[in-house]
Amino acid sequence: MKLFSKKKYYFECKSIGMNCGFEVKGSSSEEELLEILRVHAKSAHGISQIPEDLINKIKQNIRKM
C-alpha cells in the first residue's frame, strides 16, 4: 500500500506542434519542468523568453505520470 504516490511530470515538444523530439520525463514539479524547457527553448529553438501564450499551451500539454 502506497501512502504517498508522488506524480512525475512529462512533456514533449511535439505535443504543441514543434518539429522536435525533445521530451522531459520525471520532473518532480511543473516548475522544474518549465525551467528545463526554458533552457531547451533557448539552446535548441533560439527562444530566449517563452511567451505567455506558449507557456499556457505547454501547461495544457504537461502530463502527470
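The values are calculated or read from the model by the stated rules, or taken from the named source; none is laboratory data. Because the structure is predicted, anything quoted here is derived from the model rather than measured. So basically every Cβ, Gly included, is an ideal-geometry build from the backbone, and we count neighbours across all protein chains shown.
Of note:
- Residue selected from the stretch 30-65 under the condition out of contact with any helix residue (DSSP H, G or I) (no Cβ under 8 Å at 6 or more places or on another chain), surrounded by 14 or more Cβ atoms within 10 Å (Cβ to Cβ) and among the aliphatic types (A, V, I, L, M), by the criterion modelled with the lowest pLDDT: 41
- Flag if residue 1 is modelled with pLDDT under 95 and surrounded by fewer than 10 Cβ atoms within 10 Å (Cβ to Cβ): yes
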